[in-house]
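One structure is given here, and the rest of the page talks about it.
The values are calculated or read from the model by the stated rules, or taken from the named source; none is laboratory data. These numbers come from a predicted model, not from an experiment. Cβ placement follows ideal geometry from the backbone for every residue including glycine, while neighbour counts extend to all protein chains displayed. Side chains included, ligands, DNA and RNA excluded: accessible areas come from the protein's heavy atoms. Shrake-Rupley method; radii C 1.70, N 1.55, O 1.52, S 1.80 Å.
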Amino acid sequence: MEKALQLSFEDLGSRFKTLIPIWILGTGANFGRLNPFARHLSFTLIAVIFYQELLDDVRRTREDLVQTVYKLAESMKIECDWFEAEKIVDALMVNEGSSKHTFAFQEQFFNEHKMEWETFRFQYLEIDRDSTNFEEGLPVYKLTEEAQALFLNTNEIQKHLPVSIQQILVELLIEKGELKSALRMLDTLNHRVMTLLKEGKNP
């Protein structure tokens, strides 16, 4: 158990900082009848903004985002009015208890190097200064790096990994000096490959 405990503390703080934006997403407000769907709508809105940025679509003002949530709810067969859609958008912008338009979220995480708790501050959205016309006073928003990572970590990064999860586990075991466990896992992988090859030859 002690070995597992020691290993679990390695890079613990950075793992927490990866997970915190996911844990907080779609929380921090009473969404009423949208409570069961707040995370789904919040995440899908992040996905829409991600692709809007890729496609240079600047329809990313607050009103645009509210309209997007309204359309998303309709597509997902969720009953939603404009006021409820606004709540979803505002919960991505403002942390509960903070002043409006500060964009600051914060959560405690354990720093294993200092062996103490620290505060992690982040944002989901920030003003896109390249796309905003400040004279008109209507800010256009874009995703922060934390929000981009949140979206990409759900699928794209895994799809583009040149190795499988099992191969990563083997490398981790070798790194930690657990050669016997690594060899056992390699034997398991080899067995799977041989089984697949046999199945391929005998459809």
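When you look at Leu196, is it modelled with pLDDT under 75, open to solvent by 90 Å² or more (accessible area, probe 1.4 Å) and not basic (Lys, Arg), yes or no?
Taking the combined requirement at face value, the residue satisfies it.
Might you check whether a residue that is at pLDDT 80 or above, farther than 30 Å from Thr44 by Cβ and open to solvent by less than 90 Å² (accessible area, probe 1.4 Å) occurs anywhere in the range 149-163?
no
If you check Ile78, Ile46, which single one turns out to be of a type outside the set (S, T, N, Q) and either modelled with pLDDT under 95 or under 16 Å from Leu150 (Cα atoms) (or both)?
Ile46
As an exercise: evaluate Trp117 against (1) over 21 Å from Ser14 (Cβ atoms); (2) open to solvent by 40 Å² or more (accessible area, probe 1.4 Å); (3) modelled with pLDDT of 95 or more and give the number of the one condition it does not meet.
Only one criterion is unmet by Trp117, namely (1).
For a quick check of your reading: which helices (runs of 4 or more DSSP H) sit entirely within the range 1-100 and have at least 3 residues that are open to solvent by less than 90 Å² (accessible area, probe 1.4 Å) and within 21 Å of Pro139 (Cβ to Cβ)?
Hits in the range 1-100: 38-54, 62-75, 82-93.
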